[in-house]
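The structure appears below as structure tokens.
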Amino acid sequence: MSEKARRKIGKGKKALAQKDFAAAGALFEEAVTLDKEAHAGWFGLGEVALAIGQPDTALQFLEEAARLNPDVPRYLQRLGEVYGREKRAEDGIRLLNAARRKAPKDINILASLSGVYVAAEKWLEAYEILQELVRHPHPQAAHFCLLGLAAQSVGEVDAALAAFKRSTRMDPRYPDAWLSLGHLHLDKGRLAEAEECLEHLFVLAPQLASTLQLAGELETARANWRKAASLFGMAVEKKPDSKFLQARLALALTLGGDAVGAVDAMVRANEMGVPEDWILEQLGYLFVKRYNLDVAQENLEMSLERNPDNLSALNSLFVVYAKQGKSALARETAEKVLQKDPEHVSALINMGGWCNDQARGMEAIEYYRRALELAPESETAYSNYLWTILHSSEHAAAEILRVARAYDEHICRKHHRQDDFSDRDRDPERRLKIGWLTSDMRHHPVAAFVLPFLLFLDRRQLEVVLYHNTALEDDNTRLAKMSVDKWREVQAIGDDALADLIRADGIDILIDLNGATEGHRLLVMARKPAPIQVTWLGFPGTSGLSVMDYIFIPPDPVLEKGAWCTETPWPLADCYGVRTNIPNAPMQPGLPCERLDRPFTFACLNNFRKVSQHAIRLWSEILTRAPQTRLVLVARGGQDETFKAYVESQFARHDIAPERLDIRGMAPLLTYFDSYNEADLCLDPFPFNGGTTGYDSIWMGVPFVTWPGDALVSRMGRIILKNVDLDELIAETPEDYVDIAIALSQDPPRLKALRANLRERMQASPLMDAPRMARSLEQAFRGMWQRWIEANAG
């Protein structure tokens, strides 16, 4: 480079530092005119172009600087940053990694690289880079704040919390850290901690709309609507063009009872493009997600008062009524939608769900078929169809298999990624990474079967990673977090991104614990992010997915043949699952019919949707042939007179009088367990057997009669009874089922003998042996891994 060009560049740098962009640009231009190889001049021109908002021009100058001298890390860094901003993330990442290799201790390059990864939504890579960055000497509070945001984005909420806290300790005057920490606490329901963050923000940045918004959200969580409205109002003053803040203000004023203010705010929100009914609808949907159903109902009904044609609000209101057990209102709501739009797919699916809850399986299936005719690629219609058909006595295993394969063909297969996992260490004895994907690690039957064995898994053999697909948290969730090596909250992560995350985590075996149930992530499984994939527990049937390698089953010669599933069945050692945390509910002595001086009582305490038409026929035959007996049933909506009348009508078709039936609604846990103290003998529904309920029945000392079918869903009762030596209650035919039930109702001494010490027998059985289940799973995982290595040798 000529001396004259060098002097021009020096003066240009001074002008750039003083933000005299015109002078700087002129000096750099003179330098490159004097010497076309003056790479520092080209770089300076790129910096000027960026400063005056001309990124396209800047790219040309920066590319020339990097071409002339690719050994200057700063050139590569700056060019990589601009590529990232201009949606050329891969180019940016390549250059920034090159800069990183040349200057491995430069934390500014690491910060730039993490920023490009974030822009490309490669959150795991950003997280890893930021973890490295903060290990360097003298990291900044901003770096830990970014680390927290990245950790949150990959579902590591505890790590995010630690990073945000570290950021606040490093620089207590850094508002972004307090803001991020406050939102995280609020999301987790930690209101006192969120308030502490706000105290700092009101000292550091009281004028920011983001501070006032967080304060408004906190008061909303506390149902302090008027205070929330005041805070949102101040936030709107700071940021008057924000439709979101205007909508939040309108909601808070409405709930706070300020009718005049609410109308004014809604008018403004509406003028900004926010419909008033939409505001209320969104608030209703928010409370549905939080299971605050009464508040959700109130807001959705207000939304419909303002716009009776808001079909989305009607659909959400259906969900609320259904969860509240208001059966007639739920049906009426779905029918309103279909009257306005007979081809409304979501309403058809809702009606299918309503019918399924009422054990109207054939009607439900017709709704789902109609929905699929209108929307052949509706994942929700297919998964609900699969769930419903499992309950139907009118459909054999072959038909369920056909629907499951259609689900894979039409919905899942197009998402499959070709990946031979050639980078995976194929040591057959190495420690394996086991991933569990579920939305149900909370007070839910799946958690009841998983939590007992988690702590007993040998961590020398297995690393346990749990991907939790819900924001709901309770004592079971907290226990699960302490029982795994890594916990990720993934409900806000899309299917592609979550599949990428699981792949990057190096999961060897991924277990789906949902199947086609609410909260599932089957479309993540469809992307095949792990070499081996297994389904278990949540959905007692085949997934249909061609990428699902195995399905866990109990030891059962019928199930092991695999004619009912697309997966390869893998039998566990003794049973389908273990439970050790069943409430120690008291058992009353003797037979209830004698103790309570009432007719012999059969009971099915499963949700009534499991009660098929064939079950109703057989149970009616039992009641007919044992005329001094009665039957207790449980159903969501069991207190709804319309629904009770429907159930009674189903039995009336077989000449069973209503007074023979005791139809109850869903009850609190201990009330539910106490109901077993009124049951002399339980009847297992079919084809969908009781799982959790079967364990509960034995725990409470009440045997049940089961009739196994030809698929997993109808053979769960069998394995429970075999583990407590009650094989004689396993019927070979429907006639046997009826005969066994009647014989026991007429032979109290024999029934007492069967009931004797039943809880103690269960406690001594594999049904409650968590370490034994852990060993069974370890053997299964090792066997699957060795089989995969053999199949992929060479």
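The values are calculated or read from the model by the stated rules, or taken from the named source; none is laboratory data. Small disclaimer: the values here were computed from a predicted structure and weren't measured. Cβ: placed from backbone, ideal geometry, glycine included. Neighbour counts: every protein chain shown. Quick note on the areas: whole protein, heavy atoms, side chains included, nothing else; ligands and nucleic acids left out. Shrake-Rupley method; radii C 1.70, N 1.55, O 1.52, S 1.80 Å.
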Checklist (1) within 30 Å of Ala215 (Cβ to Cβ); (2) open to solvent by 10 Å² or more (accessible area, probe 1.4 Å); (3) touching a Leu at 6+ places or on another chain (Cβ under 7 Å) applied to Asn299, failing item: (2)
Selection from region 760-792 of residues that are touching a residue at least 40 places away in the same chain (Cβ under 8 Å) and not in a helix (DSSP H, G or I): Ser765, Asp769, Asn792
Condition broken by Thr535, with the remaining ones in (1) of a type in the set (Ser, Thr, Tyr); (2) within 25 Å of Tyr291 (Cα to Cα); (3) modelled with pLDDT of 95 or more satisfied: (2)
So Ile129, is it β-branched (Val, Ile, Thr), surrounded by 24 or more Cβ atoms within 10 Å (Cβ to Cβ) and either within 30 Å of Pro172 (Cβ to Cβ) or in contact with a Phe, Trp or Tyr (Cβ under 6 Å, 6 or more places away or on another chain) (or both): yes
Scope region 516-536; condition in contact with a Gly (Cβ under 7 Å, 6 or more places away or on another chain) and surrounded by 24 or more Cβ atoms within 10 Å (Cβ to Cβ); matching residues: Ala530, Thr535
Selection count, region 490-530, where residues are among the charged types (D, E, K, R), at pLDDT below 95 and over 21 Å from Gly541 (Cα atoms): 3
Failed condition for Lys722, given (1) over 17 Å from Leu605 (Cα atoms); (2) modelled with pLDDT under 95; (3) basic (Lys, Arg): (2)
Residue in region 481-501 that is open to solvent by less than 40 Å² (accessible area, probe 1.4 Å), among the hydrophobic types (A, V, I, L, M, F, W, C) and within 22 Å of Leu572 (Cβ to Cβ) present: yes
Test: residue in region 157-164 that is surrounded by fewer than 16 Cβ atoms within 10 Å (Cβ to Cβ), without any contact (Cβ under 8 Å) to a residue 60 or more places away in the chain, of a type in the set (Gly, Ala, Ser) and closer than 20 Å to Ala492 by Cβ: yes
Some residue of region 438-452 being basic (Lys, Arg), more than 24 Å from Val547 (Cα to Cα) and open to solvent by 30 Å² or more (accessible area, probe 1.4 Å): yes
Selection status of Ala791, among the hydrophobic types (A, V, I, L, M, F, W, C), farther than 30 Å from Gln533 by Cβ and either open to solvent by 60 Å² or more (accessible area, probe 1.4 Å) or modelled with pLDDT under 95 (or both): no
Verdict on Pro749 being part of a helix (DSSP H, G or I), modelled with pLDDT of 95 or more and open to solvent by less than 80 Å² (accessible area, probe 1.4 Å): no
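Going through region 112-126 one residue at a time, which ones are open to solvent by 30 Å² or more (accessible area, probe 1.4 Å) and either more than 11 Å from Ala151 (Cα to Cα) or without any contact (Cβ under 8 Å) to a residue 12 or more places away in the chain (or both)?
Gly115, Val118, Ala119, Ala120, Glu121, Lys122
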Region 410-422 - residue that is open to solvent by less than 70 Å² (accessible area, probe 1.4 Å) and not in a loop (DSSP other than H, G, I, E, B) and, of those, nearest to Trp354 (Cα to Cα): Ile411
Entirely in region 315-409, the helices (runs of 4 or more DSSP H) that have 3 or more residues that are open to solvent by less than 20 Å² (accessible area, probe 1.4 Å), touching a residue at least 40 places away in the same chain (Cβ under 8 Å) and touching a Gly at 6+ places or on another chain (Cβ under 7 Å): 397-407
Filter result for Thr706 (free of Cβ contacts under 8 Å to residues at least 40 places away in the same chain and of a type in the set (Ser, Thr, Tyr)): yes
Filter result (crowded, with 17+ Cβ neighbours inside 10 Å and under 23 Å from His444 (Cβ atoms)) within region 463-480: Val464, Val465, Leu466, Tyr467, His468, Asn469, Thr470, Leu472, Glu473, Asn476, Thr477, Ala480
